[in-house]
1. Considering the dipole of the chain built from charges on the beta carbon (Lys and Arg +1, Asp and Glu -1) around the Cα centre, which of Ala51, Gly81, Val188 is farthest to its positive end?
2. If I take R0 = 51 Å and measure r between the Cβ atoms of Leu285 and Arg62 in this structure, what FRET efficiency does the formula 1/(1 + (r/R0)^6) give, to the nearest 0.05?
3. Give the peptides 113-126, 168-181 in descending order of average Cβ contacts within 10 Å, highest first.
4. Going by accessible area, probe 1.4 Å, with all protein chains left in place, what is the ranking of Glu183, Glu284, Glu221, largest first?
5. What would the Debye equation give as log₁₀ I(q)/I(0) for the range 31-106 at q = 0.23 Å⁻¹, counting only Cα atoms as equal point scatterers?
6. Give me the one-decimal nm value for the distance between modelled label points at Arg317 and Glu3, 7 Å along each residue's Cα-to-Cβ direction.
7. On average, how much accessible surface per residue is there in the chain, in Å², for a 1.4 Å probe, leaving out ligands, DNA and RNA?
8. How much of the calculated P(r) for the range 10-264 lies past 28 Å, in percent of all Cα pairs?
Amino acid sequence: MDEIDFRNQVAVVTGAGGGLGAAFCKELARRGAAVVVNDLGGSTTGEGGSADYADRVVDEIRRSGGTAVANYDTVATEAGGEAIIRAALDAFGRVDVVISNAGNQRNRRFGEFTADDIDAVLAVHVKGAFFVTQPAYRQMVKQGYGRIVLVSSQSGIFGNPIRANYGAAKTAMIGLMNVIAQEAPPGVAVNCLFPNARGGRLGGEPGDVRPDADFLAAAAERSRHYLDGMDPSFVAAMACYLASGACDSSQNMYSVLGGKYSRIFVGLTEGWFKPGAAAPSVEELAAHIAEIDDQARYVVPRSGLEEMDTAVAAALRTAPTRP
Ligand SMILES: NC(=O)c1ccc[n+]([C@@H]2O[C@H](COP(=O)([O-])OP(=O)(O)OC[C@H]3O[C@@H](n4cnc5c(N)ncnc54)[C@H](O)[C@@H]3O)[C@@H](O)[C@H]2O)c1
């Protein structure tokens, strides 16, 4: 395998003042990328601000001979997103990679969330991904090349307790990826990363609830088998692959957990087809629910049109003469 390098490339990583984002920046810089290290600093809810976090990562990269600049804007506003990408253009003239990684959490049991807990988390994860990716995407379209990595979470696609706001926000990355991937010109790829690692600052705020003891014990029992693989460098390897020209696939989702790398996909069961113009009764539908649920045969549609193809196939099997 040829060495994967980022020479003459510019990468922007949001929320990179520590944890995973810092690991991504260091690996990208070690492989030759000029890096914009963005972090608002401050609390893990994304409030307040401190330049220290981003500055420390930039200093470390420069001391190792790499190229980096810091940026302290919030991802959560349109102006912030524009400023983050402008920092890359002002310093280095292009944007080849954007890793939308900034994150916050406000953990509660579902019945106890306030509107503010919901807004604060959606603002950083959903709007943040949108506001940073959009100006980067415009630049990538102009260049004819770009790699977008949206950092999602198992808390959304598979679910974890006390994180309804965060899980919902992180699952929005999937929709964003699917749509961008279908609009993007050749040369611009977008994929989702589902990381798991120790060392991040995300842990909620004082006053946040913790998962119950049974859940924590079940998680601890599992994770002791793969603790070695929880170093952020394991996630950085996949982030850098997805950020590189070696990755020419788009609209894919990859999980990294304890040294295990997997692709995640959304499947559609073969299901049950009701022919004719009369809708089924609820009882008729209920009588077919096992067939609808049956996971033995499924497809992985890559677009809304491909889901339509599955209905076309079912219709043609039932009434093959329909024009
Ligand atoms: N660590 C894990 O196991 C794990 C698991 C699943 C998903 N994730 C996701 O990976 C990403 C990185 O997580 P981490 O564990 O390194 O946590 P982290 O807290 O160390 O990193 C998140 C960073 O985002 C920054 N940030 C928050 N709001 C911001 C804003 N508005 N603008 C700019 N920066 C902002 C924070 O200051 C922080 O440094 C997050 O999106 C997180 O949701 C992490």
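1. Val188
2. Details: r = 63 Å, r/R0 = 1.23.
Result of the calculation: an efficiency of 0.20.
3. Numbers: 113-126: 17.8, 168-181: 19.6.
Put in order of decreasing packing, that is 168-181, 113-126.
4. Values: Glu183 130, Glu284 65, Glu221 85 Å².
If we order Glu183, Glu284, Glu221 from most to least accessible, we get Glu183, Glu221, Glu284.
5. Calculated log10 I(q)/I(0) at the listed q: -1.13.
6. Modelled inter-label distance: 5.2 nm.
7. Per-residue accessible area for the chain comes out at 50 Å².
8. Working: 8830 of 32385 pairs.
Beyond 28 Å sits 27 percent of the P(r) for the range 10-264.
The values are calculated or read from the model by the stated rules, or taken from the named source; none is laboratory data. This structure is a prediction, so every number in the text was calculated from the model and none was measured. Using ideal geometry, Cβ is built from the backbone for each residue, glycine included, and neighbour counts are taken over all protein chains shown. What goes into the accessible areas is simple: the full protein's heavy atoms, side chains included, and nothing from ligands, DNA or RNA. Shrake-Rupley method; radii C 1.70, N 1.55, O 1.52, S 1.80 Å.
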